[in-house]
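In what follows, a single structure is set out as structure tokens and then discussed.
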Amino acid sequence: DGPALAAPATKVAALALQLASCFDANNFGVNAPLGGGVLGTGCWPTSALLNHSCEPTCALAHVFTPAAAHSASAQPALHCQEIRTIVDCPAGTELAHSYIERGLGYGARLQLLRAGWGIDRCDCARCADSRERRESDPLDGPLLPSAAALNDLSEAANLHAQALLAEEASDEAELLGQVLRLRQRHLDPAHAHVRETHAALLALKLARGELGVARAHAHELVESSRLAYGARPCVSLAISLVTAAELHVAAAVPGDDVGGRALASEALAVLLVTNGAAHPLTRKAAALAGGSDL
């Protein structure tokens, strides 16, 4: 009986492995409607047909329906995924989205593509330009490579790891401050590690109620994100803009809300393209910009 039962079991195991591999390469993370992390993952076969581009022509948005009135959680429910063009696309233009974080250097992007999808080369205009220039991408490493710069950046990485383990918020803040100074000394303002440190300090200062300092980090994050993501609409930039707008309102002098509305209006312009008017984040940006309805 053993051999007769082994074959079907082997086939089932092989099929399970195949399906798991397919899911790993074709699933999509679903972000919380108002930002704040990934809620889960799902598969959308049509979207999975899209190729990658570091200069995407479209973005993927998840549509949520309002929570039921009787729901205790009061959380909106995921309805569907939309493919939304973010640039003008004449007939024949390939629809492609970015499989990875767009605000990275050429080397970092290629490393992620190889590890996640086995892609050894991206032929988008952005990557082609990096190859033709044959010079280091400023978003990949130190602006002026040297032993001292590499040592400082290694020390920054160690300090960041210590900050994550710090038990006292004051110790974490001090360590992150050192990390930021070292990284700003050697890295482009738009480098992912600089943005990462501003985001960590923003979250920490917000948790401690230091709204003025949090607002400053939010504005720095907006400026570095603008540089990192370029002109093409990007949800990550929009989230930074919405956060900065909220803090501008919370930490500003009473009556001085012009800057906050300007930030929210910029976010709204992006989100109308990437997420659509009905998305909760778009509606939040609209409210901050001073409009009640879209």
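Solvent-accessible surface (1.4 Å probe) assigned to residue 99 amounts to roughly 60 Å². With a ≥ b ≥ c the root eigenvalues of the C-alpha gyration tensor of segment 73-185, is it rounded (a/c under 1.5), prolate (a/b larger than b/c) or oblate? Oblate. What the chain shows is 55 Å² of accessible area per residue, with the surface traced by a 1.4 Å probe over protein heavy atoms. Of all the options 230, 37, 259, the one that moves most in a Gaussian network model of the chain with Cα springs shorter than 10 angstrom is 37. Which of these, 146, 236, 136, has the largest mean-square fluctuation under a Gaussian network model of the chain (Cα springs below 10 Å)? Result for the chain, Cα springs under 10 Å: 146 fluctuates most. Taking label points 7 Å from Cα along the Cα-to-Cβ direction, residue 85 and residue 25 give a separation of 2.9 nm. Residue order by solvent-accessible surface for 232, 102 is 232, 102, largest first, with ligands and nucleic acids left out and a 1.4 Å probe. Rounded to the nearest 500, the 222 nm mean residue ellipticity of the chain from helices alone is -18500 deg cm²/dmol, with -39,500 (n - 2.57) taken per DSSP H run of at least 4 residues.
Counting only protein heavy atoms and a probe of 1.4 Å, the accessible surface of segment 172-292 is 57% carbon and sulfur.
Taken over the chain, the percentage of Cα pairs per 5 Å bin, counting from 0 up to the bin with the maximum distance, is 1, 5, 9, 12, 15, 15, 14, 12, 8, 4, 2, 2, 1, 0, 0, 0, 0. Extending 7 Å from the Cα toward the beta-carbon at both residue 95 and residue 170 defines two label points whose distance is 5.6 nm.
The values are calculated or read from the model by the stated rules, or taken from the named source; none is laboratory data. These figures come from a predicted structure and were not determined experimentally. Backbone-built Cβ (ideal geometry, glycine too); neighbour counts: all protein chains shown. For accessibility, only protein heavy atoms count, side chains too; no ligands or nucleic acids. Shrake-Rupley method; radii C 1.70, N 1.55, O 1.52, S 1.80 Å.
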